[in-house]
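The values are calculated or read from the model by the stated rules, or taken from the named source; none is laboratory data. All values reported here derive from a predicted model rather than from experimental measurement. Cβ atoms come from the backbone with ideal geometry, glycine included; neighbour counts cover every protein chain shown.
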Amino acid sequence: MSERRLGLQMLEFEREQAAMKLREPLPCDGKLITQQSKRWDRTEEIFWLIKRNHGITTMELFELVNFGYGDFSASLRHLMCSGKLIVGTKGRATTYAAVRRL
């Protein structure tokens, strides 16, 4: 008997055991469950900085924060999509200001 055939027979035996609830299902038969990493929400920190520094550019804002560019750009994009920011330009730079709510 070859190793491949023996392996297939062993796998079949284990699947029968799992079907009879004598063991847990095999990891290769189940759905792959991956846990996504949970990030800190940095939106409030960026929004607070924009409210304090009206008309701040992207580079100036990035220099004030102390986290990675991925979190920074995702939080900034979330603020823009939610309508909390007014986006303008100063020369070639993009500027941000908080929307005033009455």
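Screening segment 10-42 for residues that are more than 30 Å from Gly70 (Cα to Cα) and within 27 Å of the chain's Cα centre (by Cα) and picking the one that is modelled with the lowest pLDDT gives Gly30. Cβ separations smaller than 8 Å between residues 6+ apart or across chains give the following pairs from segment 49-73 residues that are touching a residue at least 12 places away in the same chain (Cβ under 8 Å) to residues that are among the acidic types (Asp, Glu) and surrounded by 11 or more Cβ atoms within 10 Å (Cβ to Cβ): Val65/Glu45. Kindly indicate whether any position in segment 48-59 is crowded, with 17+ Cβ neighbours inside 10 Å and among the aromatic types (Phe, Trp, Tyr). Looking through segment 48-59, none of the residues is crowded, with 17+ Cβ neighbours inside 10 Å and among the aromatic types (Phe, Trp, Tyr).
On the stretch given as segment 43-70, residues that are part of a loop (DSSP other than H, G, I, E, B), farther than 20 Å from Arg100 by Cα and at pLDDT 90 or above total 1.
Among the criteria (1) surrounded by 10 or more Cβ atoms within 10 Å (Cβ to Cβ); (2) of a type in the set (Lys, Arg); (3) modelled with pLDDT of 85 or more, the one Arg5 does not fulfil is (1).
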